[in-house]
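Enquirer: Before I ask anything, here is the structure I am working with.
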Amino acid sequence: MSRYDPATIEPRWQQHWADAATFHVDVDPDKPKYYVLCMFPYPSGSGLHVGHPESYTAVDIVARYKRMRGFNVLNPIGFDSFGLPAERAAQRENRHPAEITRERIAYFREQMQRLGFSFNWEREISTCEPEYYRWTQWIFLKLYEQGLAYLAEVPVNWCPAQGTVLANEEVVDGRYVETGDPVERRMMKQWMLRITAYAERLLEDLEGLDWPEGVLEMQRQWIGRSEGAEVRFDVADSDESFVVYTTRPDTLFGATWCVLAPEHPLVTRITTDDRRAEVEAYVAAAANKSDMERQLAADKEKTGVFTGAWAINPVNGEKIPVWVADYVLSTYGTGAIMAVPAHDERDHAFARKFGLEIRPVYQPDHDHDFQESAWPGEGRAINSGQFDGLTVAEFKTAIIDWLEEQGVGRRKVNYKLRDWLFSRQRYWGEPFPIVHLEDGTVVPLSPDDLPVTLPHVDAYKPTEDGQPPLARATDWVHTTYQGKPARRETNTMPQWAGSCWYYLRYMDPHNDRLPFGPDKVAYWRNVDLYIGGVEHAVLHLLYARFWHKVLYDIGMVPTKEPFQKLFNQGMILAYAYRESSGRYHHPDTVERRPGQAVEMVSAWTQETVTTDWFVKGTDIPVEEKLGKMGKSLNNSVDPLDIVKRYGADTLRVYEMFMGPLEQIKPWQTSGCEGVHRFLSRVWRLFVDEETGETRPPEGTSKEARKALHLAIQEATEGIEQLKLNTPIAKMMEFVNACKGRTPAREDAEAFLLILSPWAPHIAEELWHRLGHDRSLAYEPWPEVDDSALVDDTMTIVVQVMGRKRAVIEVPADADKDEILARARADENVARHLEGKTIRKEIYVPGKLVNIVAN
């Protein structure tokens, strides 16, 4: 073996790490801990594409560095393996989803292991295995004990074709975004988790986290804390009343109508007979829209109908009309609002459309036409009786005090956050550890009865009467509890459940008595660095934080937060190629033909475009467009294809070299060529390609030594700051500075150590060739020698009359007189001074000499 051959080197070292359990880890009180974690993948049918290893490589670089820094590193991996895709595959293939999922996991595992990640494989978990979801069920029981899990009739997005409830985010224009199946709103009894009980803490505890500000703000917005008042409005000529929540109680005198959500229970009771048909039709239409659809539609065009009923404004006794409109949601606030069109743009648009009164209660410090637009800003109160003249802040305080004194309102903090709908009508999920008795009593099972495992069913789809797939297992459903007939819960938990606490199971994955032992969690505490995509900025992180806080409250974990530092890697995109018919072609099957551009109709825009890309071997033109890597655009690249062609180290280095970790970047397979050449040059520094023998050291030049210590400095700072692209450039500069000479042994070893987090296989191989028997994984990280960074010389620009005439090298310790003398002695400078008298010499230390002469 003489040339660099990753196909031989890499499998050997991967096997060595496995056989020697190099990355095995356990509690070690003599070492500081460091817990680094990548968001675990869902094992899809297509396997990993080259975009996925970006975050895994970043995590691995940090893990390898921290080990060399003396930390006890936990770097686990597992699989988020419940979910709808596997259930759909089971229906198509008539196979059990567990079988399909395990096959997929096996391929994911192979891909990851071939990339040389230093995961603690002995800690691997899979959320769909009974030994794992036993403890997900156990935590659910703890939530139930704490009064945080309950059953409720709630409006849901029901997809008949899929036989399941969908999240609001999964429904657009009344259809399931993935399949186009129609979705309807219906009331269903569902399990809910009372995440709202933790709203304030979820908000407050964001302050101590080292997270991207954008993610923190998304969490704040999702929780949506606001301060205001609840105000009671009585319905005229009736015993009925309703409560409005408002953040602007100071504008009550400007309220000229109220609006109820279509689902508000008062709608049917107060609607007058002459308005009933129109109201019922409107309510029925709203029932088939998701909350998100209703909110988005409200931004475009307001709709609503008058109920015929009137409410009494509590601050002035005026009768104002009560409307129904679908932009008011029953799931936020009280499901009722007061409308103040003079000071709210949404209400103003509604008033303009339906001809309702617009009454200002604040006057800004300039003329404003309230009939043309709302004024949401500051001003002095007008048309507000005893409160006239107050500022907004003064008015808010005074009016809430008045409302409370009169018994018609109270101060209130409200949140946009809603309780978490925790039921799914699917097979492939965690069964609930719950039974229902004949008298309707809901009974949680004993922890001794766990796990409640998934039964065999004859089909992975709802029953004919619309019950979840688990209802097909009648022998399993019908059971007994303490001798009484009982029926098991047939809903399953959402895919989020397993990912809410998986980072804790990694700490103690083989514990069969508890989800994790107190000694383990006391040592590992929480995740020091969590790397994953920004697409999980809200829900996954919020749900995991909620569960963690519950576990903290019951004494199971020692920290209030699960993830101390969060970093979002940027997505790796890939070019997609599409012909006019709409067919996609894989990047390997197309070619560019410069100078042969033709016109074609874009399948994306239906407009004429010019392209010089063609399907190989044909004259079929295709349009190039950057997009998300995946099956739908036929632009996925399997990392194993890159490994076979270039090696895992090349793929790892290239993915980091593409640009800053947090940025979106386009994948180009051809970019691997340059990185592969760099690693081949590293190989040749150490190995004689003619003989295959390790080359003896030839010494390190001052230039190369400086380049080495700049690389050590950049690698150290780069890993600490997750700037993982720039150290590669510095390592390349070191190799260039060596000019083909093998550096001194001490310098050679230091270089291999800093290279190893990025390219561990070649680093291990060359380390071994230098005579080491042990892996370099735990060798001390090299320190920067500051003296090596000090230049022996400095570069000075020389100007004559402000024009650059020379650049000279002078000793770094040269004084001013010596530098001026060298400047005057320069041949070109001397020529420009010939026959002139020097009037002044200006020296800017370390940078510039300017000679004034005439």
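Enquirer: Do we find a residue being modelled with pLDDT of 95 or more, buried (at least 19 other Cβ atoms within 10 Å of the Cβ) and closer than 30 Å to Asp237 by Cα anywhere in the range 360-370?
Expert: Taking every residue of the range 360-370 in turn, at least one turns out to be modelled with pLDDT of 95 or more, buried (at least 19 other Cβ atoms within 10 Å of the Cβ) and closer than 30 Å to Asp237 by Cα.
Enquirer: Next question. Going through the range 483-513 one residue at a time, which ones are more than 26 Å from Ser423 (Cβ to Cβ) and in contact (Cβ under 8 Å) with a residue 60 or more places away in the chain?
Expert: Of everything in the range 483-513, those that are more than 26 Å from Ser423 (Cβ to Cβ) and in contact (Cβ under 8 Å) with a residue 60 or more places away in the chain turn out to be Tyr506, Met507, Pro509, Asp512.
Enquirer: If you don't mind, another one. Would you check which residues across the range 54-100 are farther than 18 Å from Gly429 by Cβ, charged (D, E, K, R) and either in the same structural domain as Phe657 (by TED's automatic domain parsing) or modelled with pLDDT of 95 or more (or both) and list them? Lay out the reasoning, then the answer.
Expert: Within the range 54-100, the first condition is being farther than 18 Å from Gly429 by Cβ, and the residues that meet it are 54-77, 92-94.
Checking which are charged (D, E, K, R) leaves us with 54, 60, 64, 66-67, 69, 92-93.
The answer is Glu54, Asp60, Arg64, Lys66, Arg67, Arg69.
Enquirer: Working only within the range 674-691, note down all residues that are modelled with pLDDT under 95, out of contact with any Lys or Arg (no Cβ under 9 Å at 6 or more places or on another chain) and either of a type outside the set (S, T, N, Q) or open to solvent by 90 Å² or more (accessible area, probe 1.4 Å) (or both).
Expert: Scanning the range 674-691 gives a single hit, Glu690.
Enquirer: If you don't mind, there's one more thing I want to ask. Among Lys189, Lys142, which is within 15 Å of Arg424 (Cα to Cα) and out of contact with any Cys (no Cβ under 6 Å at 6 or more places or on another chain)?
Expert: Lys189
Enquirer: Restricting attention to strands (runs of 3 or more DSSP E) lying wholly within the range 790-852, give those where 3 or more residues are closer than 23 Å to Glu703 by Cα and out of contact with any Phe, Trp or Tyr (no Cβ under 9 Å at 6 or more places or on another chain).
Expert: 793-800, 803-811
Enquirer: So if I check each of Arg513, Arg592, which one is farther than 30 Å from Leu661 by Cβ and either touching a Ser or Thr at 6+ places or on another chain (Cβ under 6 Å) or among the charged types (D, E, K, R) (or both)?
Expert: Going through Arg513, Arg592 in turn, the sole match is Arg513.
Enquirer: Still on this structure, I have one more. So, restricting to strands (runs of 3 or more DSSP E) that lie completely within the range 115-193, which ones have at least 3 residues that are out of contact with any helix residue (DSSP H, G or I) (no Cβ under 8 Å at 6 or more places or on another chain) and assigned by TED's automatic domain parsing to the domain that holds Leu450? Lay out the reasoning, then the answer.
Expert: On the way: elements: 149-159, 164-166, 184-193.
Strands (runs of 3 or more DSSP E) meeting the threshold: 149-159, 184-193.
Enquirer: Going by the structure shown, is Asp239 loosely packed, with under 14 Cβ neighbours inside 10 Å, more than 14 Å from Val324 (Cβ to Cβ) and without any contact (Cβ under 8 Å) to a residue 24 or more places away in the chain?
Expert: Considered against the rule, which asks whether it is loosely packed, with under 14 Cβ neighbours inside 10 Å, more than 14 Å from Val324 (Cβ to Cβ) and without any contact (Cβ under 8 Å) to a residue 24 or more places away in the chain, Asp239 comes out as yes.
Enquirer: The conditions are (1) at pLDDT 95 or above; (2) touching a strand residue (DSSP E or B) at 6+ places or on another chain (Cβ under 8 Å), and Met794 fails exactly one of them. Which is it?
Expert: (1)
Enquirer: Which numbered condition trips up Phe516, out of (1) of a type in the set (A, V, I, L, M, F, W, C); (2) part of a helix (DSSP H, G or I); (3) open to solvent by less than 40 Å² (accessible area, probe 1.4 Å)?
Expert: (2)
Enquirer: Turning to a different aspect of this structure: From the set of residues in the range 466-513 that are among the aliphatic types (A, V, I, L, M) and not in a helix (DSSP H, G or I), which is surrounded by the fewest Cβ atoms within 10 Å (Cβ to Cβ)?
Expert: Ranking the candidates gives Ala473 first.
Enquirer: Another question, then. Quick test of your reading of the structure: Phe23 fulfils all but one of (1) among the hydrophobic types (A, V, I, L, M, F, W, C); (2) open to solvent by 20 Å² or more (accessible area, probe 1.4 Å); (3) under 30 Å from Ser636 (Cβ atoms). Name the failing condition by number.
Expert: (2)
Enquirer: Further question on the same structure: For the range 812-827, which residues satisfy the criterion of being open to solvent by 40 Å² or more (accessible area, probe 1.4 Å) and either in contact (Cβ under 8 Å) with a residue 40 or more places away in the chain or within 55 Å of the chain's Cα centre (by Cα) (or both)?
Expert: Within the range 812-827, Ala812, Asp813 qualify.
Enquirer: If you check Gly627, Gly647, which single one turns out to be open to solvent by less than 50 Å² (accessible area, probe 1.4 Å) and touching a helix residue (DSSP H, G or I) at 6+ places or on another chain (Cβ under 8 Å)?
Expert: Every option except Gly647 fails the conditions.
Enquirer: For the range 570-585, enumerate the residues that are open to solvent by less than 40 Å² (accessible area, probe 1.4 Å) and of a type outside the set (Gly, Ala, Ser).
Expert: Ile572, Leu573, Tyr577, Glu579, His585 - these are the residues of the range 570-585 that are open to solvent by less than 40 Å² (accessible area, probe 1.4 Å) and of a type outside the set (Gly, Ala, Ser).
Enquirer: Sticking with this one: Specify which of the listed residues (Leu445, Leu450) is in contact with a strand residue (DSSP E or B) (Cβ under 8 Å, 6 or more places away or on another chain) and among the hydrophobic types (A, V, I, L, M, F, W, C).
Expert: On the way: Leu450 fails: in contact with a strand residue (DSSP E or B) (Cβ under 8 Å, 6 or more places away or on another chain).
Testing whether each residue is in contact with a strand residue (DSSP E or B) (Cβ under 8 Å, 6 or more places away or on another chain) and among the hydrophobic types (A, V, I, L, M, F, W, C) leaves just Leu445.
Enquirer: Taking Lys706 as the residue in question, decide whether it is among the charged types (D, E, K, R), open to solvent by less than 60 Å² (accessible area, probe 1.4 Å) and either under 18 Å from Ser756 (Cα atoms) or outside the structural domain of Ala106 (by TED's automatic domain parsing) (or both). Explain how you work it out, then say what you get.
Expert: On the way: among the charged types (D, E, K, R): yes; open to solvent by less than 60 Å² (accessible area, probe 1.4 Å): yes; either under 18 Å from Ser756 (Cα atoms) or outside the structural domain of Ala106 (by TED's automatic domain parsing) (or both): yes.
Yes; evaluated as a whole, the condition is true for this residue.
Enquirer: Whether any residue in the range 302-310 is in contact (Cβ under 8 Å) with a residue 12 or more places away in the chain and in a helix (DSSP H, G or I) is what I want to check.
Expert: Checking the range 302-310: not a single residue is in contact (Cβ under 8 Å) with a residue 12 or more places away in the chain and in a helix (DSSP H, G or I).
Enquirer: Still on this structure: Just checking, does the range 342-352 include any residue being modelled with pLDDT under 95, among the acidic types (Asp, Glu) and farther than 30 Å from Ser290 by Cα?
Expert: no
Residue-wise test of (1) assigned to a helix (DSSP H, G or I); (2) open to solvent by less than 10 Å² (accessible area, probe 1.4 Å); (3) of a type in the set (Lys, Arg).
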{"position": "Ser44", "(1), (2), (3)": "no, no, no"}
{"position": "Gly47", "(1), (2), (3)": "no, yes, no"}
{"position": "Thr57", "(1), (2), (3)": "yes, yes, no"}
{"position": "Asp60", "(1), (2), (3)": "yes, yes, no"}
{"position": "Val73", "(1), (2), (3)": "no, yes, no"}
{"position": "Pro85", "(1), (2), (3)": "yes, no, no"}
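Enquirer: Search the range 262-279 for residues being under 17 Å from Arg186 (Cβ atoms) and touching a helix residue (DSSP H, G or I) at 6+ places or on another chain (Cβ under 9 Å), and hand back the single one that is surrounded by the fewest Cβ atoms within 10 Å (Cβ to Cβ).
Expert: Among those that are under 17 Å from Arg186 (Cβ atoms) and touching a helix residue (DSSP H, G or I) at 6+ places or on another chain (Cβ under 9 Å), it is Glu263.
Enquirer: Continuing with this model, one more query. What number of residues in the range 177-194 are within 26 Å of the chain's Cα centre (by Cα), more than 19 Å from Phe422 (Cβ to Cβ) and of a type in the set (A, V, I, L, M, F, W, C)?
Expert: 1
Enquirer: I would also like to ask the following. Does any residue of the range 271-279 turn out to be assigned by TED's automatic domain parsing to the domain that holds Arg380, β-branched (Val, Ile, Thr) and touching a Lys or Arg at 6+ places or on another chain (Cβ under 9 Å)?
Expert: For the range 271-279, residues assigned by TED's automatic domain parsing to the domain that holds Arg380, β-branched (Val, Ile, Thr) and touching a Lys or Arg at 6+ places or on another chain (Cβ under 9 Å): absent.
Enquirer: Just name the residue that is least open to solvent (accessible area, probe 1.4 Å) out of those in the range 749-787 that are of a type in the set (Ser, Thr, Tyr) and assigned to a helix (DSSP H, G or I).
Expert: Per the criteria, the residue is Ser787.
Enquirer: I would also like to ask the following. Examine the range 671-689 for a residue that is within 25 Å of Leu722 (Cβ to Cβ), out of contact with any Cys (no Cβ under 6 Å at 6 or more places or on another chain) and of a type in the set (Val, Ile, Thr), and state whether such a residue exists. Quick ask: steps written out before the conclusion?
Expert: Filtering the range 671-689 for residues within 25 Å of Leu722 (Cβ to Cβ) gives 671-672, 674-676, 678-679, 682.
After this cut, where a residue has to be out of contact with any Cys (no Cβ under 6 Å at 6 or more places or on another chain) as well, the list is 671-672, 674-676, 678-679, 682.
Restricting the remaining residues to those that are of a type in the set (Val, Ile, Thr) gives 675, 682.
Checking the range 671-689: at least one residue is within 25 Å of Leu722 (Cβ to Cβ), out of contact with any Cys (no Cβ under 6 Å at 6 or more places or on another chain) and of a type in the set (Val, Ile, Thr).
The values are calculated or read from the model by the stated rules, or taken from the named source; none is laboratory data. All values reported here derive from a predicted model rather than from experimental measurement. All Cβ positions, glycine included, derive from the backbone under ideal geometry; neighbour counts span all protein chains shown. Keep in mind that these areas ignore ligands, DNA and RNA; they rest on the heavy atoms of the full protein, side chains included. Shrake-Rupley method; radii C 1.70, N 1.55, O 1.52, S 1.80 Å.
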